[in-house]
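Following: one structure in structure tokens, then a few remarks.
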Amino acid sequence: MATVQTEPGRVAAPARRVSRWPYAVAGLVAALAGMAVGHVLAVVAFGSSSSPVLAVGSQVVDATPVAVEQWAVHTLGTSDKPFLLTMVALVTGLAAAGIGVVGRTRPTLARLLLAGLALVAAVCASLRPEAGNLPAVPSIAAGLVGLPVFSRLRGRAVDGETRGMAYDPRMSAYEPGTRPAPDRRGFLAAAGGVVAGGVALVVGSRLVGPGKPRGPLPALPAPVDAAPALPTGLDARVKGITPFRTPAKDFYRVDTEFLVPHVDAAGWKLTIDGDVAHPFSITYAELLRMPMIERDITLACVSNEVNGDLTGGARWLGVRTKDLLERAGVHSTADQILSTSTSGMTISTPLAALLDGRDALVAVAMNGARLPDAHGFPARLVTPGLYGFTGATKWVSRMTATTYAAQSAYWTEQGWVTDAPVKTEARIDTPTGRVSAGRTAIAGVAWAMHRGIRSVEVRVDDGDWQAATMGPDAGIDYWRQWYLPWEATPGRHTLVARATDDTGAVQTAAHADPYPAGASGYPSVTVTVS
Ligand SMILES: Nc1nc2c(c(=O)[nH]1)N[C@H]1C(S)=C(S)[C@@H](COP(=O)(O)O)O[C@H]1N2
Ligand SMILES: [Mo]
């Protein structure tokens, strides 16, 4: 029970229960309305990175300790971004609800605090490396919309509360004697209307949204050096095995972007600069006129846990990275290429890996089609043998020859290694969980990009290592499928695998976490046979 304090000499109103919910709702709805308007304004006019929610979320990601980010990638996979956005909206909404309750008795303080939330978003948006012009505008608009929404809803909440009460100066929405009739329905209608309007705005902006019209694009060229037909894999013969080639739609995705960038190829350029004799820029059409090669290359993410699924094999079409670097004339002082994406992401690649003759590409197509937006349209790096975070910059727009001493990339700042050859790993795809007794197959893939896979062995419980049957070999930069027929007997069994690369080295049994140089250790699964 709360009593209403009154001025000395006034008759105290009968004590009664005061509901704080309408004030919380007022704060929450005001924040939602502001975030919706700010988001829509950002997406349609100022660049999505200036959306208040996205800007705060991006700043949170950048400030997140690596361990937490690792956890997020593994626990949530690529849904870590929608999750983070929801969290930002939720935390902001909760904070605003709390501010709304404060506003019951201290409306000015509440308005200042709400303005403070908008200010935080404005600062975050302005700090984004990919910020366009006037990045603070959507956040300021969020505040300009949120504050009056809050004042109106708070006014209605006060109406509802002050029915039959003595005038309380702290609840001073109205002068004594001028209070209108309480209006609970009006309050709910107003709050509901604001929420519905916000939803309509966000949904509407999705429809007209960021999909910039892409004019007719120049056709993809035929490769001057085509890849041989990919041999038929074990896909049809072994149930549950990873397909030999990963369709683009199933290809794992790892990046720091909230919204997949939609790059307008007509306005895109790739610039090669830094410690070079002849810096230059080329357009998409010019890039497509350069000689292209086609290669089957497997990509792996350094964040992939042992037996994890952050790997994929695809056919890439692209210009040799080396051709571009040679045209620019990289000075011998450089030791890295710092590549930058259209949204300001930076990735370091050891220069040596780009010049040593491997099929490092600036790729424009994947599995015979233009790169999907999620995988880097209009162009990305693909560097066989290096984890994606050092060799596979998507939406690449600049490649700067420099040194590790002079400039460091996003993940280098977070303590990940800079020289990151992919570790030899086998993965067990099947069986998992429960299987019925009888003949089945233990199967999976193994990779050791740029060394190649020679063999895989499997051990059941404490038995001997048994040689698996190997699938076709599509070159040292591509993974291999393998399987071992198995007579499964009832009970619990532990299956372990290990791969040997083409140099004859067996993968290490030593466990390592993904951070900072990639996971290692034998993959192991426990199955129940019945
Ligand atoms: N611009 C940009 N490129 C990027 C990243 C990124 O965050 N931004 N992530 C890298 C990482 S960690 C990996 S593993 C690969 C993944 O490529 P994919 O999403 O096409 O599978 O992209 C790399 N290229
Ligand atoms: Mo990665």
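The values are calculated or read from the model by the stated rules, or taken from the named source; none is laboratory data. A quick note: this is a predicted structure, and the numbers were derived from the prediction, not measured. Glycine gets a Cβ as well: all are built from the backbone with ideal geometry, and neighbour counts include every protein chain shown.
Among all residues of the range 55-76, there is at least one that is modelled with pLDDT of 85 or more, part of a helix (DSSP H, G or I) and among the aliphatic types (A, V, I, L, M).
Screening Thr393, Thr424, Thr403, Thr383 for residues that are away from ligand 1 (no atom under 14 Å from the Cβ), surrounded by 19 or more Cβ atoms within 10 Å (Cβ to Cβ) and touching a residue at least 24 places away in the same chain (Cβ under 8 Å) leaves exactly one candidate, Thr424.
Tell me yes or no: at least one residue of the range 341-349 is without any contact (Cβ under 8 Å) to a residue 40 or more places away in the chain, within 14 Å of ligand 1 (Cβ to nearest atom), in a loop (DSSP other than H, G, I, E, B) and surrounded by 22 or more Cβ atoms within 10 Å (Cβ to Cβ). No, there is no match, as no residue in the range 341-349 is without any contact (Cβ under 8 Å) to a residue 40 or more places away in the chain, within 14 Å of ligand 1 (Cβ to nearest atom), in a loop (DSSP other than H, G, I, E, B) and surrounded by 22 or more Cβ atoms within 10 Å (Cβ to Cβ). Just one of (1) basic (Lys, Arg); (2) away from ligand 2 (no atom under 15 Å from the Cβ); (3) in contact (Cβ under 8 Å) with a residue 60 or more places away in the chain; (4) buried (at least 23 other Cβ atoms within 10 Å of the Cβ) fails for Arg480. It is (3). Looking across the range 249-298 at every residue that is more than 16 Å from ligand 1 (Cβ to nearest atom), hydrophobic (A, V, I, L, M, F, W, C) and assigned to a loop (DSSP other than H, G, I, E, B), the one that is surrounded by the fewest Cβ atoms within 10 Å (Cβ to Cβ) is identified as Ala277. When residues in the range 373-394 are screened for being within 14 Å of ligand 2 (Cβ to nearest atom) and charged (D, E, K, R), 2 of them pass.
Go through the residues of the range 399-419 one by one and say whether even a single one is assigned to a strand (DSSP E or B) and within 16 Å of ligand 2 (Cβ to nearest atom).
No, because not a single residue in the range 399-419 is assigned to a strand (DSSP E or B) and within 16 Å of ligand 2 (Cβ to nearest atom).
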